[in-house]
């Protein structure tokens, strides 16, 4: 699938969460023999993201654990603060990456 | 997690008594389409990508005719489970190499209170390792019959 920057970041975080939870999932009895392949996929995806944007993602991840969070009903699901109406309208339509004014996480609108 | 609590995470609108899909990719798409149809997910391509990556980690076909495709994604806000059944069975690269008849797709947001997502996966495993439960599930035609098995009734 052809992704924009925002979608690449979403996929990168999805991958990072998967990698983080590999041990827990393995303990439940799931097959996780492809761990190295997953790390490789993570590296390949990260290489498709511009260096400044990737650095921003990594900094946020180091500080807040989750760099990019869903927004539902205009609420940031990272800190539960309502986003300004003007930002919400643009966040839904634009490919530009917006951040929560309160917690600083990057935002992905679900609705 | 108690069985009654696990049952509360299922939904009749996310239930397919007979899947049309005959291959792995089509099963993932057919189940994912339920989430889109019910407006739980807007961007199915992102979630499908996550599920593809999860299959790289190892097939979620756990054997005995069962698969539990699962993962967290920024593209979801709630923990959701869809169920689909294939009487004929679908090749899914399962651990025992056998076709899969029962599919449980578990999608979760990046964070969820009480880590419900991992609790759901952990609660499903013992239910799905019981041969009698599997036989009953393979025979279900309606949601009520299915949820009775989950509830242990």
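Rule-based calculations on the coordinates, nothing more; no lab input. These numbers come from a predicted model, not from an experiment. A quick note on method: Cβ atoms are made from the backbone with ideal geometry, for glycine too, and the neighbour counts reach across all protein chains shown.
Each label point was placed 7 Å from the Cα along the Cα-to-Cβ direction; for residue B:23 and residue A:81 their separation is 4.8 nm.
If R0 is 41 Å, the Cβ-Cβ spacing of residue A:20 and residue B:139 corresponds to a FRET efficiency of close to 0.60.
What value, in deg cm²/dmol to 500, does the helix sum -39500 (n - 2.57) over DSSP H runs of n ≥ 4 give at 222 nm once divided by the residues of the protein assembly as shown? Only helices count here, giving -14000 deg cm²/dmol. Computed from Cα positions, the angle between helix A:5-20 and the longest principal axis of chain A comes to roughly 40 degrees. Among beta bridges identified by DSSP and lying wholly in segment B:3-147, the antiparallel ones come to about 55 percent. Averaging the sequence gap over all C-alpha pairs within less than 8 Å and six or more residues apart, then dividing by the number of residues, gives chain B a relative contact order of 27 percent. The value of relative contact order for segment A:5-109, using C-alpha pairs under 8 Å at least six residues apart, is 26 percent.
Result for chain B in a Gaussian network model with C-alpha springs under 10 Å: among B:75, B:67, B:139, the largest mean-square fluctuation is at B:139.
In degrees between 0 and 90, to the nearest 10, how far off the longest principal axis of chain A does helix A:35-47 point, with axes built from Cα atoms? Value to nearest ten degrees: 40.
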